[in-house]
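Below: the structure, in structure tokens.
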Amino acid sequence: MSDEKSYAITRHKNGHDVVAWRAGTAITRDEFLADVAALISRLPGHRHVINLCTDRYRFMVSFAACLCSHQVSLLPSSDSPATLAALARDYPDLYILTDTPNARSTMAGVRTLTYPPNLPITEKTGSVPEIPGKRTAIILFTSGSTGQPVPVPKTWGVLVRSALAAGNRIGARQFCPAVIIGTVSHRHSYGLESVILLGLQCGMGVEAKTLLYPADIRAAINAAGTCVLVTTPVHLRVLVEEPEDMPPVALILSATSPLTTELAREAELCFSATLLEIYGCTEAGQVATRQTTGASSWHCLQGVYLDQRDGATWASGEVVQGDVLLHDVIEMTSATTFLLGGRSADMVDVAGKRVSLAHLNHVLLSIPGVRDGVFFMPAAKGGRVARLAALVVAPTLPPHEISCAIRERIDAAFFPRPLVFLDALPRNDMGKLPVETLIRLIHSTARDELA
């Protein structure tokens, strides 16, 4: 769509409204804007920037400063030297902005700017920058879990409208002033949308630290008072194991991997809050939500439209960048609701029988005692028949009990060989499991295969 409107960097209405919490200290809107202005004066005149700031507040300041300076933020799925070097080849004018300089940026041979530990104090201003909606703000990259990462540009207008639609869906106004506590990376589309942009565009404060451990999350919730917890099924499994002393939150948001009804119910009891699951993808952004314990149907966000043609489903609308193919089996139940049946490329055929990997993963994760796990189908090589494999994390269960539980719940044709038991799955900081990583792990543990 043509986007002639401009949108504010932040919608916090008053200068004293809290934009972020850092080390227990509130940072107001005016302080945030002053830091943005101070950083702008230090930025090099490049077109592209890789924002590697780990501190969420510094990431927010950097993101806003770069956007005001007509610089596009690249958000790759990895900050490995190989990834940075590849981006340097594709975007020769880029530089890296980081608050934790390390060998990786040096190895990539890319100019690096370190976020100043103390920005100069400037005069606070109530003037909030407004950015044209048609300006490209970021380029995300698909996770690479199914192939080579692909660049996904997003305009500022699409990002803002998506954040406002999400805020409207979750009823953000009733939570303000609230603190957003996230266990997810803010450089992934989910963390960017549901932590950074939700905070900036819906008037909430963002906790600057990425919290992972139950004790840290418990302390942050107690300090925050009213808060929204943005997390993933992987982190929820750990959190619900220590439910007794967990304080209540206003709302739980979950995404990035399948969430079972059982885990959603445990999480709602643990935090005394409603849990909303988000369906989306890097290319389309946030598409729909559902309360996992209350319904199987997904409800599209306002401004998202789904169209089915040629056996596929496409998303479009004012909160979606262009016309995006959704790589999932979707059954429309109305113009704005649907049932989700797993990825289109998710179906496996064994001995003439078909099943989706999503279903197998759901069965695996529903086994009591299984903390994490995944089924996948390695590609066949050298004329050999591809066989289903599975990785399981279940520290309190003997392997034979898990094997028996799987056999009781699925057809024998789909029993995984190998079935590998691990202390943790090799998820990246976005909760994803790239296929090549799984294959390497299977090969390295082939001697542990169970017949």
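Would you mind stating whether MET246 is more than 25 Å from ASN14 (Cβ to Cβ) and either at pLDDT below 95 or not assigned by TED's automatic domain parsing to the domain that holds VAL363 (or both)?
Judged against the criteria, MET246 is a match.
Looking at this structure, is VAL184 modelled with pLDDT under 90 and closer than 27 Å to CYS66 by Cβ? Reasoning before the result, please.
On the way: modelled with pLDDT under 90: no; closer than 27 Å to CYS66 by Cβ: yes.
Against the criterion (modelled with pLDDT under 90 and closer than 27 Å to CYS66 by Cβ), VAL184 does not qualify.
Which residues, counting only those in the range 37-63, are under 14 Å from LEU113 (Cβ atoms), among the polar types (S, T, N, Q) and under 17 Å from the mean Cα position of the chain (by Cα)? Matches in the range 37-63: ASN51 only.
Against the condition under 25 Å from ASP90 (Cα atoms), out of contact with any His (no Cβ under 9 Å at 6 or more places or on another chain), crowded, with 24+ Cβ neighbours inside 10 Å and of a type in the set (Gly, Ala, Ser), how does SER189 come out, does it pass? Yes: the conditions hold for SER189.
Identify, please: which residue in the range 150-182 is assigned to a strand (DSSP E or B) and either among the acidic types (Asp, Glu) or in contact with a Phe, Trp or Tyr (Cβ under 7 Å, 6 or more places away or on another chain) (or both) and is, among those, farthest from LEU74 (Cα to Cα)? Let's see the steps before the verdict.
So the first thing to find is which residues in the range 150-182 are assigned to a strand (DSSP E or B), and the list is 151-155, 179-182.
Imposing the further condition that a residue be either among the acidic types (Asp, Glu) or in contact with a Phe, Trp or Tyr (Cβ under 7 Å, 6 or more places away or on another chain) (or both) reduces the set to 151-152, 179.
On the way: PRO151: 9, VAL152: 10, VAL179: 26 Å.
So the residue we want is VAL179.
The set of residues in the range 277-328 being crowded, with 19+ Cβ neighbours inside 10 Å and aliphatic (A, V, I, L, M) consists of ILE278, ALA284, VAL287, ALA288, LEU301, VAL304, LEU306, ALA315, VAL319, VAL320, VAL324, LEU326.
Taken over the range 290-312, the residue count meeting the criterion of being in contact with a helix residue (DSSP H, G or I) (Cβ under 9 Å, 6 or more places away or on another chain) and in a strand (DSSP E or B) is 2.
The values are calculated or read from the model by the stated rules, or taken from the named source; none is laboratory data. This structure is a prediction, so every number in the text was calculated from the model and none was measured. Heads up, the Cβs are rebuilt from the backbone with ideal geometry, glycines too, and the neighbour counts pull from every protein chain shown.
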